[in-house]
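Undergrad: Before I ask anything, here is the structure I am working with.
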Amino acid sequence: MQSAKKLSVEIEGRDQITWESLGEQNKVTFVGCFEFTQLVKNYRTHFGNDVFKWPLPNGSTHSEMIIREFILKLKGRWEYPYKDEEICHCRHVKTKTVDNAVLNGAHTHELASRWTGCSTACGTCKPDVEKVIKYRVG
Ligand code: FES
């Protein structure tokens, strides 16, 4: 079931994939690093141009995480575990900042904390940061 007319998923300043419904036709455009563009090309080769039929990638590279987000959002199944804009109130760290760190390789709480400054005061945000990491990385 197609629920959007246009959807774009990206890592800020890095990779982006966009789906657009143009009446009878769908258009998918993508830009990014070699790994990301190769993954999209491989998906097209193996699973066709209908992105609604693409399977979810299982891995935890930034490319696989972006494609997984893209597919889940297309299917209306994206359930990001933390909704507020700011995840760490002591250090005023935005959720997007932590999410970008996870996408770029901070796959443990320790790394996410070191890269963004989150969870370096009272620590009550730690469970939420871990939920974000678990949702992205699995
Ligand atoms: S809310 Fe993140 S350290 Fe206190």
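Undergrad: Starting from region 55-68, take each residue that is in a loop (DSSP other than H, G, I, E, B) and list its partners that are surrounded by fewer than 17 Cβ atoms within 10 Å (Cβ to Cβ) and of a type in the set (F, W, Y), counting only C-beta distances under 9 angstrom and pairs at least six apart or across chains.
TA: Hits for this filter: P55/F47.
Undergrad: Within region 43-58, is even one residue closer than 20 Å to W115 by Cα, β-branched (V, I, T), surrounded by 11 or more Cβ atoms within 10 Å (Cβ to Cβ) and away from the ligand (no atom under 16 Å from the Cβ)?
TA: No, there is no match, as no residue in region 43-58 is closer than 20 Å to W115 by Cα, β-branched (V, I, T), surrounded by 11 or more Cβ atoms within 10 Å (Cβ to Cβ) and away from the ligand (no atom under 16 Å from the Cβ).
Undergrad: Only one of (1) modelled with pLDDT of 95 or more; (2) of a type in the set (S, T, N, Q); (3) in a loop (DSSP other than H, G, I, E, B); (4) surrounded by fewer than 18 Cβ atoms within 10 Å (Cβ to Cβ) fails for T37. Which number is that?
TA: Answer for T37: the failing condition is (3).
Undergrad: Of all residues being charged (D, E, K, R) and buried (at least 19 other Cβ atoms within 10 Å of the Cβ) in region 95-138, which is farthest from E85 (Cα to Cα)? Just the residue, please.
TA: R136
Undergrad: Looking at E20 and the list (1) modelled with pLDDT of 95 or more; (2) assigned to a strand (DSSP E or B), which single condition is not satisfied?
TA: Only one criterion is unmet by E20, namely (1).
Undergrad: Now a separate question. Quick check on region 103-133: of everything there that is in contact with a Phe, Trp or Tyr (Cβ under 8 Å, 6 or more places away or on another chain) and charged (D, E, K, R), which residue is farthest from the ligand (Cβ to nearest atom)?
TA: Taking the candidates together, the pick is K131.
Undergrad: Let me ask something else about it. How many of the residues in region 86-96 are within 12 Å of the ligand (Cβ to nearest atom) and assigned to a helix (DSSP H, G or I)?
TA: Of the residues in that region, 1 qualify.
Undergrad: State whether the residues of region 109-118 include one that is outside the structural domain of S60 (by TED's automatic domain parsing), of a type in the set (S, T, Y), farther than 17 Å from E10 by Cβ and not in a loop (DSSP other than H, G, I, E, B).
TA: Yes, the conditions are met somewhere in region 109-118.
The values are calculated or read from the model by the stated rules, or taken from the named source; none is laboratory data. From a predicted model like this one, the values you see are computed outputs, not experimental measurements. Cβ atoms come from the backbone with ideal geometry, glycine included; neighbour counts cover every protein chain shown.
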